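Have a look at the structure below before the remarks.
The values are calculated or read from the model by the stated rules, or taken from the named source; none is laboratory data. Computed from a predicted model, the values in this text were never measured in an experiment. As a convention, Cβ positions derive from the backbone with ideal geometry for all residues, glycine included, and neighbour counts pool all protein chains shown. Heavy atoms of the whole protein, side chains included, go into the accessibility calculation; ligands, DNA and RNA do not. Shrake-Rupley method; radii C 1.70, N 1.55, O 1.52, S 1.80 Å.
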Amino acid sequence: MRDHLEASPGLWLRRWSEGDARAVLTAFADPLMREQAREPVVSPGDAGRWLAGQRERWRAGTAFAFAAVDEEDTVLGQVAVSAIDRRHSTGWVSYWTTRAARGGGVASGACRSLARWAFDDAGLFRLELGHRVNNPASCRVARAAGFAVEGLQRQKLEYDGVRHDVETHARLATDPEPAEAGRPARPPAARSCRRPT
């Protein structure tokens, strides 16, 4: 399987390396990122363990995480496919970007490329993802990467004592490729992302 690919001009996906510890620590220092890791990443040791976990899951074939980087190899974020079920050829997609990279199309470009890789290289057929309904930016990423809205999971997640609904999306290997930046978009799907109630 490829472990380095061009997502779009100026945006690359590559496996995480030990040399990325400082970038990981900086990314997780952002308050918006604290919910993106199972364990806190607040020290160089934490960052090293986080990176070791990514490498171990890749070797085991249970999850494949890519650093999204620019032409100068600056880390802009991550895209990953995890919870891989080989029996049914499914996986769960997640993504995040650094504060400096948000709003620039990094997440959607990386997610589009990851999906194609998951279908072509990892042999998956169905990819799923979810986002809190109060996160419209994540919904825009999912839609731009070709993930259709499928439903609502009520009060699935809890953060700071507050339960949140999660909107689910999926993309199949047989779905048409989504439009890339600068190309005409396909007609919008009949359903749109939900708004928090």
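Summary table
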| read-out | value |
| --- | --- |
| Set Gly91, Gly45: member being farther than 12 Å from Asp20 by Cβ, part of a helix (DSSP H, G or I) and not acidic (Asp, Glu) | Gly45 |
| Residue in the range 16-24 that is outside any helix (DSSP H, G or I), modelled with pLDDT of 95 or more and open to solvent by less than 80 Å² (accessible area, probe 1.4 Å) present | yes |
| Verdict on Arg112 being under 18 Å from Phe66 (Cα atoms), surrounded by 12 or more Cβ atoms within 10 Å (Cβ to Cβ) and modelled with pLDDT under 95 | no |
| Residue, most open to solvent (accessible area, probe 1.4 Å), within the range 36-51, restricted to residues that are of a type in the set (Gly, Ala, Ser) and within 15 Å of Trp96 (Cβ to Cβ) | Ala37 |
| Conditions (1) touching a residue at least 60 places away in the same chain (Cβ under 8 Å); (2) surrounded by 23 or more Cβ atoms within 10 Å (Cβ to Cβ); number of the one not met by Gly91 | (1) |
| Where Arg55 falls short, out of the listed (1) of a type in the set (D, E, K, R); (2) open to solvent by less than 80 Å² (accessible area, probe 1.4 Å); (3) in a loop (DSSP other than H, G, I, E, B) | (3) |
| Qualifying position, being touching an Asp or Glu at 6+ places or on another chain (Cβ under 9 Å), open to solvent by 40 Å² or more (accessible area, probe 1.4 Å) and at pLDDT below 90, among Pro188, Pro184, Pro196 | Pro196 |
| Verdict on Thr74 being surrounded by fewer than 20 Cβ atoms within 10 Å (Cβ to Cβ) and within 19 Å of Ala145 (Cα to Cα) | no |
| Considering residues of the range 115-167 that are assigned to a helix (DSSP H, G or I) and over 14 Å from the mean Cα position of the chain (by Cα) only, the residue surrounded by the fewest Cβ atoms within 10 Å (Cβ to Cβ) | Asp120 |
| Any hit, the range 59-70, residues being open to solvent by less than 90 Å² (accessible area, probe 1.4 Å), outside any helix (DSSP H, G or I), at positive phi and small (Gly, Ala, Ser) | yes |
| Any hit, the range 19-26, residues being of a type outside the set (Gly, Ala, Ser) and either touching a Gly at 6+ places or on another chain (Cβ under 9 Å) or closer than 23 Å to Ala170 by Cβ (or both) | yes |
| Candidates Met1, Met33, filtered to the one that is touching a residue at least 12 places away in the same chain (Cβ under 8 Å), open to solvent by 30 Å² or more (accessible area, probe 1.4 Å) and not in a strand (DSSP E or B) | Met1 |
